[in-house]
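Since the structure comes first, as structure tokens, the remarks are kept for the end.
The values are calculated or read from the model by the stated rules, or taken from the named source; none is laboratory data. Treat the numbers as computed from the prediction; the structure is a model and nothing was measured. Please note: Cβ atoms are built from the backbone with ideal geometry, for glycine as well, and neighbour counts cover all protein chains shown. Surface accessibility is based on the protein's heavy atoms, side chains included, excluding ligands, DNA and RNA. Shrake-Rupley method; radii C 1.70, N 1.55, O 1.52, S 1.80 Å.
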Amino acid sequence: MSLTRRQKWRIEKIQAERIARANRVADDAQDLADNNAEAQIGLVITRYGQRLLVESKAGDLIQCSARRHIDLSVAGDQVIFQMVDKNTGVVTALLARDNILERSHKLIAANIDELWLVVAIAPHYQFDLIDRYLVVAENSNLPIRIIVNKIELSNNIEQVKKDFAMYESIGYSVNYLSVKERIGTNTFKEQLNDKAHIFLGQSGVGKSSLINELIPDLNLRVNEISAKSKLGKHTTTNTTLYHIPSGGDLIDSPGVREFHLDNLSNKEILNGFKEFSPFIGQCKFRNCTHTNEPSCAIKNALNANNIHPKRYHSYLNLIAN
């Protein structure tokens, strides 16, 4: 049932009033902050609507609003904020970002050091799916590593390592883990120190188990953030930054743990296969699609064993979909 003009006008009026109220709160908080408080650098832990939960250098969690002219800030952002009273503050500036992660043109997180793609023996890893994630990471200019989880279920670990040798040969780091049997977990934790990470991967590969291994008191952290931010049940669906006790940070976004190609062009897909890079632009035809054209530099590299056949077939599948 379509809305009448009057119904649409009323909805727009209500939305405008809500925005105006939020802006008045931010302006009032800003006036108080300008009059009294010293500026501090903080880390955005999570956001919900117009509110932010910011961690101070002392480790305190402060519920903040933001000045209207400040760009949208997300988990991982560094901000300047001032205290309004004992428990609340106002964000007055957003510091420069190193990078961002977007999904379907929506800003998810900022200042990420590494992405980790988690795959598993069961459900069994699929090369096309792995390559989809790698293409997205390459186009986001974000480093990505691979975790092969549940190796205790493999009857032939040497074959598994042979399968992933093609990724290691082009520069992707591969970690073989069993969270259940605690195989390789300590070495893995050491790689996380002093960096911010996001885990990606399809359902069932053990991302939640891995996160709980890294942060044993995760439920307590969630409850603390829920209480401080007053987000309630939304805490479990919001992008949130957690400190890993052994070192490093985890930015957990349940909605982005699984994602696919965001309408990438064929050119962007091509650029997502980083081992193709030396051969791009070397083909006889400028508009070469690297499928059936003669004198194609990428197909020549394939025939010369400089490109793995499985990776080339993944490329063909991706541009065909």
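See the values below:
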| item | result |
| --- | --- |
| Hits in the range 103-132 - residues which are over 19 Å from Thr46 (Cα atoms) and touching a Phe, Trp or Tyr at 6+ places or on another chain (Cβ under 7 Å) | Trp116, Leu117, Val118, Val119 |
| Failed condition for Ile112, given (1) at positive phi; (2) open to solvent by less than 40 Å² (accessible area, probe 1.4 Å) | (1) |
| Residue check, Val79 at pLDDT below 95, aliphatic (A, V, I, L, M) and over 27 Å from Leu318 (Cβ atoms) | no |
| Test for Lys150: is it surrounded by fewer than 16 Cβ atoms within 10 Å (Cβ to Cβ) and out of contact with any Ser or Thr (no Cβ under 6 Å at 6 or more places or on another chain) | no |
| Check on Glu158, part of a helix (DSSP H, G or I), of a type outside the set (Lys, Arg), in contact (Cβ under 8 Å) with a residue 24 or more places away in the chain and on the phi < 0 side of the Ramachandran plot | no |
| Helices (runs of 4 or more DSSP H) enclosed by the range 263-321 - at least 3 residues per element that are modelled with pLDDT under 95 and either of a type in the set (A, V, I, L, M) or over 16 Å from Asn139 (Cβ atoms) (or both) | 309-320 |
| Residue in the range 47-94 that is nearest to His243 (Cα to Cα), counting only those that are open to solvent by 60 Å² or more (accessible area, probe 1.4 Å) and under 22 Å from the mean Cα position of the chain (by Cα) | Gln78 |
| Pair list, Cβ < 7 Å and 6+ apart or interchain, from the range 116-138 residues that are over 22 Å from Lys180 (Cα atoms) to residues that are polar (S, T, N, Q) | Phe127/Ser314; Asp128/Ser314; Asp128/Asn317; Leu129/Gln202; Asp131/Ser314; Glu138/Asn271 |
| Qualifying position, being in a loop (DSSP other than H, G, I, E, B), in the same structural domain as Ser208 (by the TED database) and under 24 Å from Ile211 (Cβ atoms), among Ala109, Ala137, Ala75, Ala122 | Ala122 |
| Residue count, the range 271-296 (criterion: acidic (Asp, Glu) and either under 19 Å from Ile170 (Cβ atoms) or in contact with a Gly (Cβ under 9 Å, 6 or more places away or on another chain) (or both)) | 1 |
